[in-house]
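The values are calculated or read from the model by the stated rules, or taken from the named source; none is laboratory data. What you see is a predicted model, and the numbers here were worked out from it, not measured in a lab. Cβ sites come from the backbone with ideal geometry, for glycine too, and all protein chains shown count toward neighbours. Remember, those area values only see protein heavy atoms, side chains included, never the ligands or the DNA or RNA. Shrake-Rupley method; radii C 1.70, N 1.55, O 1.52, S 1.80 Å.
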Amino acid sequence: MLKYKLLCITLLLCLNSVFSQERLDIVTLGGTYGFPTPYDSIYQGKGNESGIMASLVAPAELSEKSIWYSSLNYFYWAVNNDEEMPEDIMNPIRVHGFILRTGMIHEIKPGKSLQILFAPRFMTDFKGVNSDHFQIGGIAIYEKQYSEKLKLGFGALFNQEFFGPNLVPLVNLDWKLNERWSIVGLLPVYGKVKYRFSDRLDGGLSHFGLVTTYRLGASEYEGDYIDRRSIDETLYARYQLFGDFFLEARFGYAFGRSYTQYEADQKVDFTLPLISIGDDRIAKDASIHDGVIGSLRLVYSISLTDR
């Protein structure tokens, strides 16, 4: 682990203007729990959401100005309830997602860089798995270091969801307001407003929102897909346990949360954040409402300021 840490630091310091944050999360393991919340009017009971996530980041040096960046994220989501639903509706919900981001980050000139990442996804219920459970996507971001305290990038994320093409304009922000306050994130997907209480503890506001779709393969609803949406706004606290290991807790609210099942031919012409063009889909089920969520994460994060 120590050799890998030193390798990562060496590689990323070669592109110091690309990675201006102080730390890089290498391994993350976490769990999420959504407190019971009502369904739409079709059902009278409540459903509760639970989830597991894991991520791994691995950079590799190509040259003094380029690295090959790779990250693999795993998501598991479940929705449990006591409701009786028709056989052609997935209940309880059990879906898995693997999202790979791999590609080159190149320093064009001092203070300016370009990220081009291939981002395929494997989104499934692990029933009747075939090529229909894969998605194709990518990310492109141009970044500029405006000062020692501010790095700003603009780009886009594209993914061919099971409902159709989805484009998300991106703003990559790393802004150190002062010694205590900072704002970081790849908006509108994720972000944090951070306050450093001490050398071992920081906290603040956390945001996460990403549309994901999962292909279903069970014979009762083969070919259908689950469209999951949620905008999670939470308070968080992150504490350094020892060395490079951190414990992070989050507590807040999931807005616009839904797990909606559609037949395979229910498509959308094109989507942007909060905008759907040609969305005439008819859902097969009723989804749980917004609700209170909490999560706990263990993180292995290396310092990029060690030399």
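Things to note:
- Segment 213-247: number of residues that are in contact with a strand residue (DSSP E or B) (Cβ under 8 Å, 6 or more places away or on another chain), farther than 28 Å from T124 by Cα and not basic (K, R): 10
- Residues that are touching a residue at least 12 places away in the same chain (Cβ under 8 Å) and surrounded by fewer than 20 Cβ atoms within 10 Å (Cβ to Cβ) within segment 74-85 comprise Y74, Y76, A78, N80, N81, D82, E83, M85, listed in sequence order.
- When restricted to residues that are open to solvent by less than 60 Å² (accessible area, probe 1.4 Å), touching an Asp or Glu at 6+ places or on another chain (Cβ under 8 Å) and under 23 Å from F75 (Cα atoms), segment 270-294 contains 6.
- Whenever a residue of segment 281-306 is among the polar types (S, T, N, Q), its partners that are open to solvent by 10 Å² or more (accessible area, probe 1.4 Å) and in a loop (DSSP other than H, G, I, E, B), lying with C-beta atoms within less than 9 angstrom and at least six residues away or across chains, give the pairs S287/D40; S301/D244; S303/E22; S303/D244; T305/E22.
- Candidates E248, E233, filtered to the one that is in contact with a Lys or Arg (Cβ under 6 Å, 6 or more places away or on another chain) and at pLDDT 95 or above: E248
- Verdict on L216 being in contact with a Lys or Arg (Cβ under 8 Å, 6 or more places away or on another chain) and of a type in the set (A, V, I, L, M): yes
- Residues located in segment 127-177, provided they are in contact (Cβ under 8 Å) with a residue 40 or more places away in the chain and of a type in the set (F, W, Y): F162, F163
- Test: V57 is part of a strand (DSSP E or B) and open to solvent by 30 Å² or more (accessible area, probe 1.4 Å): no
- Positions within segment 295-307 being over 20 Å from Y236 (Cβ atoms) and open to solvent by 60 Å² or more (accessible area, probe 1.4 Å), in sequence order: T305, D306, R307
- Here segment 90-137 is the region considered, the condition is being of a type in the set (K, R) and either in a strand (DSSP E or B) or open to solvent by less than 80 Å² (accessible area, probe 1.4 Å) (or both), and the residue that is nearest to F154 (Cα to Cα) is K112.
- Taking the criterion of being open to solvent by 20 Å² or more (accessible area, probe 1.4 Å) and hydroxyl-bearing (S, T, Y), the residues of segment 22-38 that qualify are T32, Y33.
- A single entry from I226, I277, I183 fulfils the requirement of being touching a residue at least 24 places away in the same chain (Cβ under 8 Å) and hydrophobic (A, V, I, L, M, F, W, C): I226.
- Selected residue (criterion: nearest to G191 (Cα to Cα)) from residues of segment 145-160 that are open to solvent by 70 Å² or more (accessible area, probe 1.4 Å) and in a strand (DSSP E or B): F154
- Number of residues in segment 245-257 that are open to solvent by less than 20 Å² (accessible area, probe 1.4 Å) and either farther than 16 Å from Y190 by Cβ or not small (G, A, S) (or both): the value is 3.
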